[in-house]
Each structure stands twice: as C-alpha cells, then as structure tokens.
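Structure first, then comments.
No value in this document is a laboratory result; all are computed from the given coordinates. As the structure is a prediction and not an experimental result, all values here were calculated from the model. A quick note on method: Cβ atoms are made from the backbone with ideal geometry, for glycine too, and the neighbour counts reach across all protein chains shown.
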Amino acid sequence: MKYSILILFLLFSSCSMNRMIQREKEQILSNVPESEPGTVTKEQLQSLPEPVRKWLETTGIVGRQEIRHGWIRQSAEMQMKPGQKQWFSAQAEQIFTTEPPAFLWTVKMKMNPLIFIKGRDKFTDGKGEMHIRMNSLINVVNERGEKIDEGTIQRYLGEIVWYPSAALSPFITWEAVDDLTAKATMTFNGTKGSGTFFFNEEGDFIKFSAMRYKGNTPDAKRYEWIISVQDYAVMDGVRVPVKMTATWKLDEGDWTWLKLIIQEIKYNEI
C-alpha cells in the first residue's frame, strides 16, 4: 500500500511540473507577434561588423523569413561538478522567441535506475530562472536574481547561432574586434550581458566566450564560459552548429561539463 501511495505521489509531482512548463510555454509563445515575419535582406547586414555579416551570409539566412520563434531538440552528455569522471545522458527540448527574446529549456537526465533529474531554465522579460528537481519531487536548484538574469541573457546571446536572424535584433549591439571576431552586447528590460563571437575564414561560427557568474551566492565570481563547435549541419534550411561543448575556465583548471548535439530544429513553428 505504501509503495502505491509513493508512486501516486511521484506521478502527481511529475504532472505538476509538466503543467507548470506547459503554462510557461504557452505564455512565452503568446507574446510572439501575429503578423507575417519579414525577409532578411543583404541591406540589413551592411551595418554589422564584417565577420558577423559573413557569418550570416554563410548560414543561408539571407532571403529567408526572419526567425521569430522555434523549437530545438537536443541530446547531451552532462557532468554535475568539476572533477567528476562519469557522464550522464540527457534529452532536452527548447522553445525560443526572438520578438520578444525568450526561451524555455527543459531537460531530463537519468542518474541511475531509481533517480532522474528534471530541469527547466527560463528567460522571459529579461529575467532568468533555473529550476531542477530530483524525481520531479525534490528541489535541487531553484534560483533567480540579478546574477542569474545576467548569465541567462548571456546564454541567450550565445545561442542565437541556432536562429541567426536574431543577430539583427534591436536589443543586440555589435562591435568589431578583428577580422574574425566580434563582441555583442544584449540589453533587454534592465538586464545586460556581453560575449565575444569567434569565426573562421569560411564564415562559420566556431566559439563563443563570456565572463559569466558561476553560482548565485553573494560571493559568486565571474569565470570565462566557452561554447566550442565541433560540427555543422543544415537544419530547416539554415546552416548551424550542431555539435558543441560548454566549458568553464576555473581557477583549478578547465571543466568541460556539457557535450551537446542538436537533433532537430523547426523555425516559425512549434
């Protein structure tokens, strides 16, 4: 009897989190303008730094509809802390919007036959939020605040490489660094974050670097956070990076904690 009650409780907790995620998804998508998206033109690229302009042309986004929202399916290998040897497999989905900028990322990771982690990261109205539960029941992470806001807008900025027309957003300003590098700063609803984009000679994006808070405690410090690209593919008609890693450059050494593969992207539909 007690096991039946436990199972019912776990199912209720899982359904409760799923309902929360569904409500948040519907709220984010309800803010997308109903008008038809415009077409990306070469003229819109003229004011951008040369490496950014070349990258956008390389993606094939010119002549296509602006990307206002979409859906991304991912698989991943993740670590929970520096020094960990074991990698955990995870499956994730993400919806995003560019007008206004927002995302909702959900992930499920199996730790062992009895324990799984379900997480949700959210960026809406310029604010970030991280929520992770064990077995959809026990709160492992439930964070918000200015440090989370800044880190989340930096994440959004680094991920525009999956929906390139967002580089033309009025909330993002670009500054040339050299022939293959440009710095971007995003400001939205009182939150500001910056990062540097690196490109190769062919025009492909190869790396994103940002000084990002690690943690949300009062004494949390910024460390360099790097996204590196290993492979590309054409997804829904756009050339994007599909195999990537995320690394923290910590005082005790580099910690690559995420190996990510993009499995599918849909633009302007969910």
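Just a few scattered comments:
- For the chain, relative contact order (Cα pairs under 8 Å, six or more residues apart, normalised by length) works out to 18 percent.
- With 27 Å as the limit, the listed pairs Lys110/Lys243; Lys214/Lys259; Lys25/Lys81 have Lys25/Lys81 beyond it between alpha carbons.
- Placing unit charges on each Cβ (+1 for Lys and Arg, -1 for Asp and Glu) gives the chain a dipole about its Cα centre, and among Ser194, Leu250, Tyr163 the Cα reaching farthest toward its positive end belongs to Leu250.
- A simple charge model with +1 on the Cβ of Lys and Arg, -1 on the Cβ of Asp and Glu and nothing else charged puts the dipole of the range 84-207 at about 880 debye relative to its Cα centre.
- Taking Lys110, Lys207 and counting other C-beta atoms within 10 Å, the order from fewest to most: Lys110, Lys207
- Among 31-41, 120-130, 45-55, the peptide with the highest mean count of other Cβ atoms within 10 Å heads the list, and the full ranking is 120-130, 45-55, 31-41.
- Helix 2-30 vs. the chain, principal-axis angle (Cα, 0 to 90°, nearest 10): 20
- One chain, two ends: Arg19 and Gln65. Fully extended at 0.36 nm per residue, the span grows by 13.4 nm beyond their Cα-Cα distance.
- Across the range 78-127, the relative contact order, built from alpha-carbon pairs under 8 Å that are at least six residues apart, equals 29 percent.
- Charge dipole (debye, nearest 20) of the chain; +1 at Cβ of Lys and Arg, -1 at Cβ of Asp and Glu: 1240
- Helix axis angle, 50-59 relative to the chain longest principal axis, alpha carbon, degrees: 70
- Ordering 219-225, 249-255 by mean Cβ neighbour count within 10 Å, with the highest value first, yields 219-225, 249-255.
- Cross-link table Lys85/Lys192; Lys118/Lys183; Lys85/Lys207, entries beyond 29 Å C-alpha to C-alpha: Lys85/Lys192; Lys118/Lys183
- Check: the range 212-270 dipole with +1 on Lys, Arg Cβ and -1 on Asp, Glu Cβ, in debye: 80
- Tensor-based shape of the range 160-242 (alpha-carbon gyration tensor, a/c under 1.5 rounded, otherwise prolate or oblate): prolate
- The angle separating the long axis of helix 146-158 from the principal Cα axis of greatest extent in the chain is about 50 degrees.
- Global geometry of the chain, whether rounded, prolate or oblate, following the gyration tensor of its Cα atoms and the 1.5 cut on a/c: prolate
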